[in-house]
Amino acid sequence: MNRKRKAASRTKLLVALDGSPAAATALPVARAVAKQLSAGIEVLHVSRRPVASSLLRSRLGVARMPLSACVGKPATCILRHTEQSNVELVVLTTHGRSIRPGRAMGRVAAAVIAASSRPILLLRPEAAPRRSWRIRRLLFPLDGTPATAAALKDVMALAGRLGASIDVLYVIAARSRGPQERGSMGAPRYMDQPHYEWAQWAGEVMERLCRCCAESPVDVPIAVHVRQGEVGAEIVEFATERRHDAIVLVRRSHMEPGRAHALRAVLQQTPCPILLVGSPASTSAPHDAPRQAATISPKEFDAVIVDLDGVVTRTATIHAEAWKQLFDRYLKKREGRGEGPYQPFDAEADYRRFVDGKPRYDGVASFLAARDISLPRGSPNDSPRRETICGLGNMKDAYFFRLLEQRGVSVYESTVELLRRLRHLGVKVGVFSASKHAEALLTRAGVADLFDVRVDGVTAEELGLPGKPHPAVLLETARRLKVSLKRTVVIEDAIAGVQAGSAGKFGLVIGVNRHGEPGELTRHGANVEVEDLGDVAVAD
């Protein structure tokens with residue numbers, strides 16, 4: 001009797017799987033941590049429809065593990081299971097589906113992080129640890145605030161059970177006023193002159209750490225380090241140099257847009273799993289709202305016009321990588337000439353904010369202006385080696401086609417299926433793009449026959465049309481289809497694109513939010529936001 005009661009109360013790790021290769025990378029990590037903690041494992045599978053248990057176990061490779069199946073919305077099901085009293089840790093990946101470098105955190109992971117009070121071990125599928133991985137060294141970044149320091153006690157207790165050491169890293173953020181929370185501790189002002197205030201500062205740091213850990217029942221090796229620079233980049237670089245097995249980050253928000261900058265930056269390039277501890281601040285509202293649905297009816301709409309990159313073709317990530325290669329190389333070159341510190345191009349945030357959906361030269365100008373860099377416009381005929389806006393834009397084009405040759409052009413099948421169904425029902429379909437290579441991309445992807453008209457960068461240049469967020473290109477696409485704007489649907493994945501659709505007064509603007517913050521596109525003009533066009537219904 002006592003044995004049964006003890007087994008039932010044993011702490012466990014909850015690992016969420018959806019049957020995809022990406023999510024499956026969480027299982028070996030969960031096994032390794034469970035072994036270190038002497039804990040059990042429960043596998044949770046969430047699907048849209050019931051699946052037979054035997055088939056599910058075979059598909060997931062969990063023949064002998066406790067398995068729970070849930071039918072419904074993934075985030076809701078995961079959160080419901082995390083509230084079980086004996087769940088000690090939740091293990092999940094940043095995204096499911098395919099293992100592809102550069103993918104941002106998915107909606108499910110973001111919603112679970114925003115609402116769960118449990119510790120979460122989060123890993124990027126493309127950076128999954130090796131088979132022999134176990135947690136021996138933890139990196140705990142400190143920002144000087146009492147709230148973050150208070151989490152060290154629980155981190156120490158966990159490290160003691162894991163048999164791990166802790167490296168505390170204080171990053172002095174570039175161009176930052178320092179922590180503003182009451183009782184926070186600032187950093188030394190003179191990084192390169194330790195004889196000034198370093199001894200006093202280091203003594204106070206150790207005193208505070210000892211105070212936080214005074215009641216800890218375990219003796220855990222701790223070392224304190226200091227770095228200066230961009231917080232996310234410094235954490236990732238330090239973890240890579242020291243080969244940490246996991247990075248501990250304290251949740252301070254519900255992942256709203258404009259917050260959790262360090263977490264997002266670390267997630268993009270972390271070399272190891274991230275352990276999220278602490279509860280989000282109660283002043284924020286979680287983003288676990290149900291996803292909006294969209295329906296396109298031939299009775300209401302005569303045409304649908306879609307953006308090419310990111311909606312039809314899977315080339316948006318290639319564009320983002322080409323932009324990063326361009327700007328990182330150029331910014332390093334400027335640093336070498338003494339023209340400012342090197343701050344890398346963010347392939348997610350900077351791409352979406354400054355270049356996504358815009359004509360190439362406008363994208364160059366927009367990003368450089370954000371970095372207070374002024375260059376002459378130059379000419380479209382400029383050599384890629386010439387330091388002008390057009391020269392850099394032409395260099396980006398070279399990077400893009402080099403990557404395209406290596407990877408080829410693929411399409412979103414859900415988009416193709418939706419457009420074919422609409423055409424079958426008599427709805428006209430047009431495609432628009434800022435790229436001058438849209439025709440070649442469509443031909444290589446084998447979907448050129450899907451579209452009644454195409455308006456691209458070549459057309460825009462011939463007619464002198466301004467780029468997005470101005471609606472000129474979208475308006476020209478609708479004009480060539482000979483349809484009313486009020487009876488036309490715009491489908492876009494870029495902020496500039498949904499802004500253009502809204503400014504053009506189209507009947508419906510659908511935002512396809514594949515990688516951004518939930519609600520990001522609706523805030524900028526989309527009437528409805530979906531994660532994939534498979535979520536869009538067609539009324540016959």
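The values are calculated or read from the model by the stated rules, or taken from the named source; none is laboratory data. This one's a predicted model, so the numbers in the text were calculated from it and none came from an experiment. Backbone-built Cβ (ideal geometry, glycine too); neighbour counts: all protein chains shown.
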Looking at Val364, Val427, Val416, Val431, can you tell me which residue is buried (at least 16 other Cβ atoms within 10 Å of the Cβ), in the same structural domain as Asp452 (by TED's automatic domain parsing) and out of contact with any strand residue (DSSP E or B) (no Cβ under 7 Å at 6 or more places or on another chain)?
Val416
So Gly511 clears everything in (1) free of Cβ contacts under 8 Å to residues at least 40 places away in the same chain; (2) surrounded by fewer than 24 Cβ atoms within 10 Å (Cβ to Cβ) except one condition, right? Which one?
(2)
The one condition Gly467 fails out of (1) surrounded by fewer than 21 Cβ atoms within 10 Å (Cβ to Cβ); (2) small (Gly, Ala, Ser); (3) within 23 Å of Tyr351 (Cα to Cα); (4) free of Cβ contacts under 8 Å to residues at least 40 places away in the same chain is (4)
Would you confirm whether or not region 327-338 contains a residue that is of a type in the set (A, V, I, L, M, F, W, C) and over 30 Å from Arg487 (Cβ atoms)?
yes
List pairs: first residue in region 406-417 and under 13 Å from Val306 (Cβ atoms), second residue among the polar types (S, T, N, Q) anywhere in the structure, Cβ distance under 6 angstrom, at least six positions apart or on different chains.
Val411/Thr313
Show the residue pairs meeting these rules: Cβ distance below 9 Å; 6+ apart or different chains; first residue within region 47-66 and of a type outside the set (D, E, K, R); second residue part of a loop (DSSP other than H, G, I, E, B) and surrounded by 11 or more Cβ atoms within 10 Å (Cβ to Cβ).
Ser47/Asp18; Ser47/Gly19; Ser47/Gly72; Val51/Gly19; Leu56/Gly19; Leu56/Val62; Leu60/Gly19
Has region 430-447 got any residue that is among the β-branched types (Val, Ile, Thr), in contact with a Lys or Arg (Cβ under 9 Å, 6 or more places away or on another chain), more than 26 Å from Asp362 (Cα to Cα) and not in a helix (DSSP H, G or I)?
no
Please enumerate the residues belonging to region 359-377 that are in contact (Cβ under 8 Å) with a residue 40 or more places away in the chain and either farther than 15 Å from His470 by Cβ or in a loop (DSSP other than H, G, I, E, B) (or both).
Pro359, Arg360, Phe367, Arg371
